[in-house]
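What follows is a short report on a single structure.
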Amino acid sequence: MDFTLIALATGILSMLVVIYLAWWISREETGTPRMRKIASYIQKGANAFLRRQYKTITFLIVLLAVPIGIFFKLATAFTFIFGALLSLTAAYIGMNVAVRANVRTANAARTSSTKALTLAFRGGAVMGLSVVGLSLIGIGLLHYLFKDPNLIVGFGFGASLAALVAQLGGGIFTKAADIGADLVGKIEASIPEDDPRNPAVIADQVGDNVGDCAGRGSDIFESISVDYVTAMVLGTVLFGAQSVSAAVFPLMIGTIGILATIGGVSVVRGWKNVKPLTSFNIGLLITSFICAVGAFILSMWLLNDITIFFAVLSGLIATLLVGVIVEYYVGIHGTPVRKIAEASERGAALNLLTGLSYALQSPLLPLITIAAVILFSYTITGGFIDPLHGIYGVVAANLGTDMIAGIVMSSDTFGPISDNAEGITEMSGISKETDETLGELDAMGNTTKAYTKAYATTSAVVSTVVVFATYCSIVNLKLVSFLNPFIISGFLLGAALPFLFSSLVIGATGKAAIEMVDEVRRQFNEIPGILEGKAEPDYAQCVDISTKNALKKMILPGLLAIASPIIFGLTFGKYALAGMLIGELASAALLAPFFAYGGGAWDNAKKYIEADRIYRERTVMRAAAVIGDTFGDPLKDVAGPTLNTFIKLSNMTAVLIAPVLLML
């Protein structure tokens, strides 16, 4: 039986479901002429930005493909290009449907809350199934053609590069617009969120799509693709006679994940007397159950090893436990959010201090979960007796974290679809018809977006451990002394790099937001009648400001991820590079959840205040909450998510140059 062909067929099935969902969504009504007009602004702005961003990324891909083809194999250059292009394609398909689903969700909310939920989640499922489907098609096709997992390393490297730059561009775009819209609109002009009088409001809506949809789609595509590739490479090295089965095991895990996601997505819909978040949780649990059963069958069938199943299951359970941690730190009724909201009554400084205290403690529980998974999977597979088998146990746990990627990504894209729908109704003047329905969907979307960020961080850390193990296996790094000065120096430098990277991306977002604030103020002052609703703002100018800044600022941080391991590795050798990679992992594993949970808590503290009429009318409290939210925005939506990709891209670069380091 050719398991590679089965994986390919499943990937194609996923894309057929995507086509069906896109067709089903397109048949729904788009509402009033004003709703269609607002939606067209968002759609045109998102597509225009992606076209310009993809041109820049394509230039980088071609530029890097030449030296890869010269110094390595032409096949590696080909797979590098293929991985990057499929990543961008998956993100583009998902975002294109999302910007069509938003107005249809808004219109459905006027008459049916259940229909609105079904529409929004199926719109998100297009992204989720595109990401997992195209990843499986790409890697399955390359494995069928080359039969050598080492030649597919370029695919993971290309996907990582595309994901980092796409996330950077989308994140800077959306947060510059969001910060400008909130600071000037809400605080200075005292107008509501998504008010059509705000010049930055369309750019904010566009940003939700290019950041949370396209950017996050590229991120999840990269995550599972890198995991499949490294698992295939390590499997062939570690399993000897069973290397063929070990090479296809990751592809079959992806196959089960897709089938489970299709089942789970079909369950998440509007049910009578069932809350939207409950519907999602049921779909998530059904998906997880199917994944667990499938993992057991595959572990016994392909590898005849029940301990591998337990390792996969531990990774799967860890991704579910992360949701509990998210609910505590980010949930709108959780203690941290409530305490931050209460502190806001005393001003912005105490809002920030209270939020910072919770953000600083937030990495502990996720890292305990990750450490437990790594130790459990290594031990259960006999790592202390057979270290190589134990390493594959960690690989299996990492594959377990990927199995529910499709439905998690679906829920993430559901968030901006619901957010856009609420914005469209506000700008169209029909929000009173939809407030209750879309408010509940938006609340669910905030939770699922926070879950996706936390899920991505958990997966990224375990994934980076596996990529690092792949690097060590290629360069024959085994037990070495930690007193080696090259390793210590590399560790210290590596630990500093995520801080430098975060500084670059947060600073870039801040500079873009400064321009946005100035532009919104200029329009309020220079265009008569905007605040009275008698003149329409120049939305296009704000979209252009976000676009130009995002495209300019996304290159340098991306180059840092690629250049640092190359320069350090070629200059100081494989041991120093190993130390650098460990240092990067250690500091990024702390910074990423710190940014994600802290930013999410500040965001929901603002929503907690705005949902309470008494709190909402307290000007100082509301202003403090908005400042906290805008402070946390670039942390949770730019620095945090891109750090995950940064450490994986850096490690994939090390894997790519590993054969060169062996010759030094």
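The values are calculated or read from the model by the stated rules, or taken from the named source; none is laboratory data. Everything quoted here is computed from the prediction, not taken from an experiment. So basically every Cβ, Gly included, is an ideal-geometry build from the backbone, and we count neighbours across all protein chains shown.
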Exercise for review: Show the residue pairs that are 6+ apart or on different chains and have beta-carbon atoms under 6 Å apart, the first residue being within the stretch 516-538 and on the phi < 0 side of the Ramachandran plot, the second being in a loop (DSSP other than H, G, I, E, B) and small (G, A, S).
Suggested key: M516/A200; V520/A200; I527/A535; A535/G529
Check your understanding: Restricting the stretch 226-271 to residues that are at pLDDT 85 or above and outside any helix (DSSP H, G or I), which is nearest to the chain's Cα centre (by Cα)?
Key -> V268
Point to revise | Number of the condition not met by A22 [criteria: (1) modelled with pLDDT of 90 or more; (2) out of contact with any Leu (no Cβ under 7 Å at 6 or more places or on another chain); (3) within 14 Å of V165 (Cα to Cα); (4) of a type outside the set (D, E, K, R)] | key: (3)
Exercise for review: Could you tell me whether the stretch 334-353 includes any residue that is over 29 Å from G599 (Cβ atoms) and surrounded by fewer than 20 Cβ atoms within 10 Å (Cβ to Cβ)?
Suggested key: no
Exercise for review: Specify the residue that is nearest to E327 (Cα to Cα); the eligible residues are those in the stretch 346-381 that are polar (S, T, N, Q) and in contact with a helix residue (DSSP H, G or I) (Cβ under 6 Å, 6 or more places away or on another chain).
Suggested key: S362
Revision key, fill the gap. Note on the stretch 505-515: residues without any contact (Cβ under 8 Å) to a residue 60 or more places away in the chain and either of a type in the set (D, E, K, R) or crowded, with 19+ Cβ neighbours inside 10 Å (or both) are K511
Exercise for review: Would you mind finding the one in Y597, Y575, Y615 that is closer than 29 Å to I368 by Cα, among the hydroxyl-bearing types (S, T, Y) and modelled with pLDDT under 90?
Suggested key: Y575
**Study point:** Hits in the stretch 13-39 - residues which are charged (D, E, K, R), in a loop (DSSP other than H, G, I, E, B) and in contact (Cβ under 8 Å) with a residue 12 or more places away in the chain
**Key:** E28, E29
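Yes or no, residue by residue, for (1) modelled with pLDDT under 90; (2) within 20 Å of the chain's Cα centre (by Cα):
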| residue | (1), (2) |
| --- | --- |
| T379 | no, no |
| G382 | no, no |
| D386 | yes, no |
| G393 | no, no |
| A397 | no, yes |
| M403 | no, yes |
| I407 | no, yes |
| D419 | yes, yes |
| T457 | yes, yes |
Exercise for review: Inspect all residues belonging to the stretch 148-159 and state whether any of them is over 18 Å from the mean Cα position of the chain (by Cα), of a type in the set (S, T, N, Q), part of a helix (DSSP H, G or I) and modelled with pLDDT under 90.
Suggested key: yes
Check your understanding: Restricting the search to the stretch 494-545, which residues are assigned to a loop (DSSP other than H, G, I, E, B) and among the acidic types (D, E)?
Key -> E532, E536, D538
Check your understanding: Quick check: is even one residue across the stretch 58-72 at pLDDT 90 or above, closer than 15 Å to L136 by Cα and part of a helix (DSSP H, G or I)?
Key -> no
